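The values are calculated or read from the model by the stated rules, or taken from the named source; none is laboratory data. Quick caveat, the model's predicted, so the values are computed rather than measured. Every residue, glycine as well, gets a Cβ built from its backbone with ideal geometry; the counts of neighbours run over all protein chains shown.
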């Protein structure tokens, strides 16, 4: 039997095992979320009341500051511990930065496309490392909602049945897979259960690291701001623990997706870091935002 959970119910864990995610509500005050969103407009140099100043439809902002999740959103920290098998397995401090992903009007010039394999941009997160079945770089994915996210308002599309698909692919490639080498279209075409990840400011989605997802259109003209910080593990996942009760829900989801009770997985390739193109771009943005913040003060 699995160990007792800190905050998650058995139903929430089963949802995570079967659909790759669970949602936590009211994880931090709406006032804190509003302050973050207001500051984002200052950083961007946009007027929140004048959409004509919103030059870009989607912006991936750099990070200025970080907060320890254990202190800022303790419910999330406890749930992360539940899903990863205990805080002793998590690289700490686990922090959230303010590198907001802002969707102001993505695709507002065309009719709504509901989530499906035909939507562009499906991907597995992790542009900074070679991927293995047991990669510790992403123990969990998160979607932290800093604004309300309404239907057709720029929510993230989630492929809720993608964990088994990605698990089978990675198990077949013990040599590892670089971010650019994922056959994204081939993988997403095997999925059929799609979710529009809507919610209120203060909600947090906890997703299995194998979940495929994509950005969606924002037809409402309302700013949508999220962050998606991963949780890092201290050690690679272990699918061959002596005591089955020690498997974390993340590991159990992989084993369930592969249809096995345990697996002695051993990578045949070298683990390596990748420097994504976004790093240099966001460094330039960081300096520009610092100047705007200084001018505003």
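A few notes on this one:
- Pairing each residue of region 239-254 that is more than 16 Å from residue 163 (Cα to Cα) with any residue that is surrounded by 14 or more Cβ atoms within 10 Å (Cβ to Cβ) and at pLDDT below 95, provided the two are 6+ apart or on different chains, yields C-beta distances under 7 Å for 245/2.
- Candidates 292, 278 - the one that is in contact (Cβ under 8 Å) with a residue 60 or more places away in the chain, under 30 Å from residue 46 (Cα atoms) and touching a strand residue (DSSP E or B) at 6+ places or on another chain (Cβ under 9 Å): 278
- Any hit, region 269-290, residues being surrounded by 16 or more Cβ atoms within 10 Å (Cβ to Cβ) and in contact with a helix residue (DSSP H, G or I) (Cβ under 6 Å, 6 or more places away or on another chain): yes
- Odd one out for residue 265 among (1) under 24 Å from the mean Cα position of the chain (by Cα); (2) part of a loop (DSSP other than H, G, I, E, B); (3) modelled with pLDDT of 95 or more: (1)
- Only residues that are assigned to a loop (DSSP other than H, G, I, E, B) and surrounded by fewer than 24 Cβ atoms within 10 Å (Cβ to Cβ) were counted in region 152-169, giving 3.
- Test: residue in region 20-31 that is surrounded by 16 or more Cβ atoms within 10 Å (Cβ to Cβ), on the phi > 0 side of the Ramachandran plot and either at pLDDT below 95 or in contact with a strand residue (DSSP E or B) (Cβ under 8 Å, 6 or more places away or on another chain) (or both): yes
- Filtering region 7-17 to residues that are touching a helix residue (DSSP H, G or I) at 6+ places or on another chain (Cβ under 8 Å) and either surrounded by fewer than 16 Cβ atoms within 10 Å (Cβ to Cβ) or part of a loop (DSSP other than H, G, I, E, B) (or both) leaves 7, 8.
- Hey, residue 4 assigned to a loop (DSSP other than H, G, I, E, B) and at pLDDT below 95 or not: yes
- Filtering region 227-249 for residues that are over 19 Å from the mean Cα position of the chain (by Cα) and surrounded by 20 or more Cβ atoms within 10 Å (Cβ to Cβ) leaves a non-empty set.
- Test: residue in region 78-92 that is without any contact (Cβ under 8 Å) to a residue 40 or more places away in the chain, in contact with a helix residue (DSSP H, G or I) (Cβ under 7 Å, 6 or more places away or on another chain) and surrounded by fewer than 19 Cβ atoms within 10 Å (Cβ to Cβ): yes
- Test result for residue 221, in a loop (DSSP other than H, G, I, E, B) and surrounded by 20 or more Cβ atoms within 10 Å (Cβ to Cβ): no
- In region 187-201 there is at least one residue that is part of a helix (DSSP H, G or I), surrounded by 14 or more Cβ atoms within 10 Å (Cβ to Cβ) and in contact (Cβ under 8 Å) with a residue 40 or more places away in the chain.
- Number of the exception - residue 134 against (1) more than 17 Å from the chain's Cα centre (by Cα); (2) closer than 18 Å to residue 59 by Cα: (2)
- Subset of region 202-216 [in a strand (DSSP E or B) and surrounded by fewer than 22 Cβ atoms within 10 Å (Cβ to Cβ)]: 214, 215
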